[in-house]
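The values are calculated or read from the model by the stated rules, or taken from the named source; none is laboratory data. The model shown is predicted, which means the values in this text are computed figures rather than measured ones. Backbone-built Cβ (ideal geometry, glycine too); neighbour counts: all protein chains shown. Quick note on the areas: whole protein, heavy atoms, side chains included, nothing else; ligands and nucleic acids left out. Shrake-Rupley method; radii C 1.70, N 1.55, O 1.52, S 1.80 Å.
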Amino acid sequence: GEGVEVSLTNAFYWFRVAASRGHRGGQYNTGCMLANGDGTPRDLVEARRYFEKAAAQVHTDACVAIPYVDRDIRRTLERLPAAIEAAADDGDQRRLESEQRELTAALA
């Protein structure tokens, strides 16, 4: 509303509350925020789960989103081994841990 600070973290929280109560719009919006990393760390696998829940309730946009998330998961899986190797070769521990977390999430 007017005069209220925009907070993606709060938006994510409330969309997840709605999603947990079976609201298909909440499920779809939670999936979108997870897929984009808005208000929460990016998690494509979890995003897909929320899109599947919304799609099961015939949320058209969620049905359309699933193949795009699948594509992004495949691309992540293709890219990460080389990124992990490069981070290890550079001795960049922070980047290495970040890449490993992303790979773990993609494989979940």
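Points worth noting:
- Integer Hz, Karplus 6.51/-1.76/1.60 couplings in order for segment 58-68, x for Gly and Pro: 6, 8, 4, 4, 5, 4, 6, 6, 4, x, 5
- Given 14 as the ceiling on other Cβ atoms within 10 Å, longest exposed-site-free region of the chain for GluC sites (Glu not before Pro) in DSSP loops: 6-108
- Within the full protein context, the accessible area of LEU34 is estimated at about 10 Å² for a probe radius of 1.4 Å.
- The computed semi-axes √(5λ) of the Cα gyration tensor in Å for the structure shown corresponds, within (i) 29, 18, 9; (ii) 23, 20, 14; (iii) 23, 16, 12, to (i).
- Note on the chain: GNM, Cα springs under 10 Å; of ASP38, ASP89, ASP61, the largest mean-square fluctuation is that of ASP89.
- Segment 31-79 shape via C-alpha gyration tensor axes, a/c threshold 1.5: oblate
- Heavy-atom accessible area per residue - the chain, 1.4 Å, Å²: 65
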